[in-house]
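Only one structure is covered here, and it is reproduced in the block below.
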Amino acid sequence: MTRAQLQGRLDLDRDTYEAMVAHARSDFPYEVCGLLAGTDGQVRKHYVIPNAARSMTFYQMDAKALLGAMNDMDDHDWDLMAIYHSHTHTEAFPSPTDVELAFYPEAVYLIVSLQDADAPALRGFDIVDSKVTERILYVGGEEAPVGKR
Amino acid sequence: MSIEVRVPTILRKHTGGEKKVDGEGQTLRELVDDLELSNPGLGGALVDEDGRLHRFINIYVNDEDVRFLGGIETPLEDGDSVSILPAVAGG
């Protein structure tokens, strides 16, 4: 398992976690993507965004759906809390492409891995100026499953 | 003429932290040049080496993706609202 310096934590509720995993499974083997809007450390809304690339190894959020979600967040005064996508065959760690295309330093980058189909893994990262640090993730108060060690 | 431009967090280093700036231009190309003059670095971030709109930046005029309008030649009118959203992408 690839490691990164640990810095900070992120707490997610169980419903959001299960919704992200279900979303990842729903279009397997293609990568899926979505956004979490939040305030005060709570998820306010989960946006499923179409992967315009519809690829097993790449994702790019549909531009129109992305704008719709960002405008909705603005209308409600919510913050962009997290950007998530799935890795269908690799571990839940940012790929070089993930790092290169991380243009939202204010968001946590969550990755759901379906590498082990029976045991999905979820990890979260801050990617700022190409530097990756990892958050300790909690789902419903318990440590999130991070995959094989 | 005044066009309101919404700037994403990652580009606010070119606007002194401002999330909205005003610009001018009859086309998106002119607006980009104008933004570069008033906020050095901002216009340049929107185009690639060939002067075309950057593949991983989404630009919208009145909530319409400019890829479906005229690209960098999209005509603009006074009072238009332009939003810049970097692509959310990866592998």
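The values are calculated or read from the model by the stated rules, or taken from the named source; none is laboratory data. Keep in mind that what you see is a predicted model, and the values were worked out from it rather than measured. Glycine gets a Cβ as well: all are built from the backbone with ideal geometry, and neighbour counts include every protein chain shown.
Do the conditions hold for residue A:90, that is, is it within 12 Å of another protein chain (Cβ to nearest Cβ) and over 18 Å from residue B:88 (Cα atoms)? It is true that residue A:90 is within 12 Å of another protein chain (Cβ to nearest Cβ) and over 18 Å from residue B:88 (Cα atoms). Annotation for region A:7-20: no member residue is among the hydrophobic types (A, V, I, L, M, F, W, C) and within 13 Å of another protein chain (Cβ to nearest Cβ). Looking only at region A:32-66, residues that are in contact with a Ser or Thr (Cβ under 8 Å, 6 or more places away or on another chain) and either over 25 Å from residue A:89 (Cα atoms) or more than 8 Å from chain B (Cβ to nearest Cβ) (or both) come to 5 in all. Counting residues that are modelled with pLDDT of 95 or more and over 16 Å from residue A:61 (Cβ atoms), which strands (runs of 3 or more DSSP E) fully inside region A:72-136 reach at least 3? Where strands (runs of 3 or more DSSP E) fall fully within region A:72-136 and carry at least 3 residues being modelled with pLDDT of 95 or more and over 16 Å from residue A:61 (Cβ atoms), they are A:121-128. Of all residues in region A:75-96, those that are within 20 Å of residue A:119 (Cβ to Cβ) have Cβ atoms under 6 Å from Cβ atoms of residues that are among the hydroxyl-bearing types (Ser, Thr, Tyr), 6 or more apart or on another chain, in A:85/A:59; A:87/A:113; A:91/A:113; A:92/A:113; A:93/A:2.
If you go through region B:46-56 one residue at a time, do you hit one that is buried (at least 17 other Cβ atoms within 10 Å of the Cβ), among the β-branched types (Val, Ile, Thr), modelled with pLDDT of 95 or more and assigned to a helix (DSSP H, G or I)? Checked region B:46-56: no residue is buried (at least 17 other Cβ atoms within 10 Å of the Cβ), among the β-branched types (Val, Ile, Thr), modelled with pLDDT of 95 or more and assigned to a helix (DSSP H, G or I). Just a yes or no: is a residue in region B:67-80 touching a residue at least 60 places away in the same chain (Cβ under 8 Å), outside any strand (DSSP E or B) and surrounded by 16 or more Cβ atoms within 10 Å (Cβ to Cβ)? For region B:67-80, residues touching a residue at least 60 places away in the same chain (Cβ under 8 Å), outside any strand (DSSP E or B) and surrounded by 16 or more Cβ atoms within 10 Å (Cβ to Cβ): present. Filtered by the rule that a residue be over 17 Å from residue B:63 (Cα atoms) and either more than 14 Å from chain A (Cβ to nearest Cβ) or loosely packed, with under 15 Cβ neighbours inside 10 Å (or both), region B:3-13 gives a lone residue, B:13.
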